[in-house]
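Remarks on the structure that follows.
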Amino acid sequence: MFLSISLAKKIIDEVKKLFDEDIIMVGVDGIIIVSTDAQRIGTYHEGAMISVKEKRRVIIKKEDEQYLQGVKTGINLPVFFLNNVIGVIGITGEPDRVLPYGELLRKMTELLVQESYYSEQMQWQSRMLEAFVFDWLKARDWSSAFVERAKILNIDLQAKRQLILVQVTEQQDFFFKDIWQLTHVWNDPHDQDVLIHWGNDRLLIIRYVHQERERETITQKVKQLKAFIEETWKTPVIVGIGQAVDSSELTKGYEQAERALSVALKKTTIVFEEDLRLDICLEEISIPTRKEFTQRILQTVLTNEELLETFYTFFEQNMSLKLTASLLHIHINTLHYRIKKLEELTGLNLKYFPDVVSLYLALYFLDH
């Protein structure tokens with residue numbers, strides 16, 4: 001682990017806002033990598049080299065400038081990570097005056113180095129998980145190498161799994177940045193669930209199934225995660241949840257979650273694939289057939305937003321005239337008028353059940 005130039009520059013840019021002294025960051029080879037004085041970058045600093053070798057603070061006095069190469073009056077403080085020196089911080093000025101600043105700067109640097117290191121480790125592990133899950137979904141047979149990777153990642157391939165897709169619906173190029181924060185919110189007590197990025201706008205959860213029927217628990221956890229994301233990033237979230245499958249059938253579980261998500265997109269909510277009935281059949285109908293059917297039924301009212309909104313609401317309220325009129329804030333006689341108008345324009349008879357079904361399907365296809 002070394003003190004990177006980008007991190008060193010970031011630290012100096014922030015610190016120089018607070019006081020005027022010259023600051024340098026030096027690598028373990030004694031070469032200045034970043035400085036508030038650009039002319040010193042790339043030069044050798046003998047005082048810092050002593051600090052690296054002896055792992056101690058080095059104070060540079062005025063007389064030391066004559067025989068130590070590249071130094072100025074001030075202090076040099078070694079930066080430690082895992083008990084190893086990874087660089088040196090130098091501050092120019094009277095040692096007694098700048099020492100408190102130096103100790104504070106060193107502590108801050110060491111904390112930032114630790115944060116950067118563990119962040120990189122988390123990103124590396126996250127990328128490993130993403131690559132493994134991709135192979136998991138594609139693999140027909142599990143090779144010995146694949147099984148070994150699962151062991152390294154602490155993934156039980158004998159357990160049943162339930163796949164959950166979480167997607168934002170409004171922001172373009174959104175990315176679930178804080179995957180570890182989301183993992184904390186998800187709060188898996190057994191540390192067996194897998195959470196990974198899945199594209200720019202999706203989060204994929206591969207849940208370890210402990211019991212076959214855990215719907216209430218899952219619903220509560222998903223609602224909590226959904227609420228956190230919506231509150232944190234101010235964007236609506238939809239969720240599709242597949243059924244429990246064997247680990248060897250992960251692709252099947254993913255397809256279920258994908259199917260549930262496509263329905264959730266229209267309802268802006270949480271959808272369990274096991275609840276889908278008519279939706280499963282309707283999803284199989286080709287787009288050209290949907291368009292043709294919609295045209296035949298709704299051709300004469302496609303531009304009449306008032307009628308379309310009325311009958312979307314009508315079906316959402318289970319064809320209750322009273323609830324539909326109330327939700328649309330219209331008199332029930334107005335609703336009767338709109339029903340009659342729709343029947344005249346389309347040739348449908350809403351007292352004839354097949355026509356009711358046709359209208360529902362046409363509106364469903366139009367909405368999709």
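Values for this structure:
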{"item": "Integer Hz, Karplus 6.51/-1.76/1.60 couplings in order for segment 86-98, x for Gly and Pro", "result": "10, x, 9, 9, x, 10, 7, x, 4, x, 4, 7, 8"}
{"item": "Helical contribution to [θ] at 222 nm, DSSP H n ≥ 4, -39,500 (n - 2.57), averaged over the chain, rounded to 500", "result": "-16500 deg cm²/dmol"}
{"item": "Inter-probe distance in nm under a simple model that places probes 7 Å from Cα toward Cβ, at TYR360 and THR217", "result": "3.6 nm"}
{"item": "Cβ-Cβ FRET estimate between ASP64 and SER126, R0 fixed at 45 Å, reported to 0.05", "result": "0.40"}
{"item": "Potential extension, LYS107-ILE280 segment - 0.36 nm per residue separation minus Cα distance", "result": "56.4 nm"}
{"item": "Modelled FRET efficiency - R0 30 Å, GLU94 with ILE31, Cβ distances, 0.05 increments", "result": "0.70"}
{"item": "Value of relative contact order over segment 159-287, rounded to a whole percent, pairs C-alpha under 8 Å and six or more apart", "result": "31 percent"}
{"item": "Residues whose placed amide H lies under 5 Å from that of THR43, excluding near-sequence neighbours", "result": "ILE32"}
{"item": "LEU323 paired with LEU345, simple spin-label distance in nm, labels 7 Å along Cα-to-beta-carbon", "result": "2.5 nm"}
{"item": "Sequence-distant residues sharing a close amide H with VAL301 (under 5 Å, placed H)", "result": "none"}
{"item": "Surface per residue (accessible, 1.4 Å probe) for the chain, Å²", "result": "57 Å²"}
{"item": "Prolate/oblate/rounded label for segment 1-106 (Cα gyration tensor, a/c 1.5)", "result": "rounded"}
{"item": "Carbon plus sulfur fraction of accessible area for segment 172-269, probe 1.4 Å, in percent", "result": "45 percent"}
{"item": "Derived scalar couplings ³J(HN,Hα) [segment 193-202; Karplus, 6.51 cos²θ - 1.76 cosθ + 1.60; whole Hz; x for Gly, Pro]", "result": "7, 10, 10, 9, 5, 9, x, 6, 10, 10"}
{"item": "Accessible carbon and sulfur surface of segment 1-145 relative to its total accessible area, %, 1.4 Å", "result": "53 percent"}
{"item": "Förster-model FRET efficiency, 41 Å R0, TYR312 and SER248, C-beta, rounded to 0.05", "result": "0.45"}
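The values are calculated or read from the model by the stated rules, or taken from the named source; none is laboratory data. Computed from a predicted structure; not experimentally measured. Neighbour counts run over all protein chains shown; Cβ positions are idealised from the backbone, glycine included. Side chains are part of the model used for accessible areas, which takes the heavy atoms of the whole protein and leaves out ligands, DNA and RNA. Shrake-Rupley method; radii C 1.70, N 1.55, O 1.52, S 1.80 Å.
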